[in-house]
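The values are calculated or read from the model by the stated rules, or taken from the named source; none is laboratory data. What you are looking at is a predicted structure, and each value in this text was computed from that prediction instead of being measured. Counting neighbours? That spans all protein chains shown, and the Cβs are built from the backbone with ideal geometry, glycine included. Ligands, DNA and RNA are stripped out before the accessible areas are found, and what is left, the full protein with its side chains, is counted by its heavy atoms. Shrake-Rupley method; radii C 1.70, N 1.55, O 1.52, S 1.80 Å.
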Amino acid sequence: MNKKYLPLLLALASFASQSSGFSSNESELAELKNTPATKYELGLFKLETYVYAVNNKLEGERIGSTKFRFKNATVREDNDQIQVVVIAIGKSKYLTESKCEAVKNILSKPFNAQKMPYNMWSGLPQESYKTLQSEISLHVTLMDKKNSSSILTCK
C-alpha cells in the first residue's frame with residue numbers, strides 16, 4: 001500500500017520544498033503590480049500589438065496593384081518620434097519614388113498616422129492629439145526581393 005502512495009508523497013515533498021521559493025515570487029509579483037506603467041508605455045504597447053496583428057494578416061500579401069508584397073512592419077522610437085516602418089518586397093525595376101508613394105498611400109489605411117494617437121491614448125486634450133499626429137509617422141521601405149541591400153525608403 002505504501003508503494004502506491006510513494007510517488008504522491010515525493011511530489012508533495014518536492015512541492016513543499018519549493019514553497020519557500022514561491023513566497024519570494026509573490027513579493028516580486030506584488031512589487032510588479034505596484035509599479036505603474038506610463039500612458040506612453042501603454043499606448044506604445046497598443047501600437048505594437050496592433051502592428052503584430054497586421055503583420056500576421058498581411059505577410060506575403062500583394063499591396064494593391066503596386067507589384068510589391070508586404071514583408072513586415074515594426075515600431076521604432078527615434079528622437080521623440082514613433083515610426084511605423086513597413087518593408088515591402090518586389091523586383092528592383094519597380095524601386096521608384098512613385099511606387100514607394102503608391103505603397104505608402106495604400107498602407108496609410110491600416111497605418112493611419114492621423115488616427116493612431118486616438119487609438120493609442122484616450123482622454124487627452126485635442127491639442128495633445130494634434131501634437132502627437134506630428135510625432136507619429138509611417139515610413140515605407142521597398143526592398144529588392146533578390147538583393148536585400150537594394151532598398152528605397154519614403155517617409
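Only protein heavy atoms count here; under a 1.4 Å probe, ILE82 has an accessible surface of about 10 Å². Report the calculated FRET efficiency for LYS33 and SER122 (r = Cβ-Cβ distance, R0 = 30 Å), to the nearest 0.05. Here the calculated transfer efficiency is 0.85. Excluding same-chain neighbours fewer than eight residues apart, the lysines reachable from LYS109 by a Cα-Cα span under 16 Å are LYS57, LYS155.
For segment 64-155, carbon and sulfur atoms together expose 47% of the accessible surface, with a 1.4 angstrom probe and every protein chain in place. Ordered from highest to lowest accessible area with the whole protein assembly present and a 1.4 Å probe, THR35, THR66 read as THR35, THR66. Taking 0.36 nm per residue of sequence separation and removing the Cα-Cα distance, the GLN114/SER98 pair yields an extension gain of 3.5 nm. Over segment 64-155, the alpha carbon radius of gyration divided by the compact-protein estimate 2.2 N^0.38 Å works out to 1.19.
Take LEU107: with every protein chain present and a 1.4 Å probe, its accessible area is about 10 Å². The length gained by stretching the chain between GLU41 and LYS130 to full extension, at 0.36 nm per residue less their Cα-Cα distance, is 30.1 nm.
Taking a straight Cα-Cα cut-off under 20 Å and skipping sequence neighbours fewer than 8 places away in the same chain, the aspartates and glutamates within cross-link reach of LYS99 are GLU59, GLU61, ASP144. On full extension, the segment bounded by LYS67 and SER149 gains 27.7 nm, given 0.36 nm per residue less the C-alpha separation.
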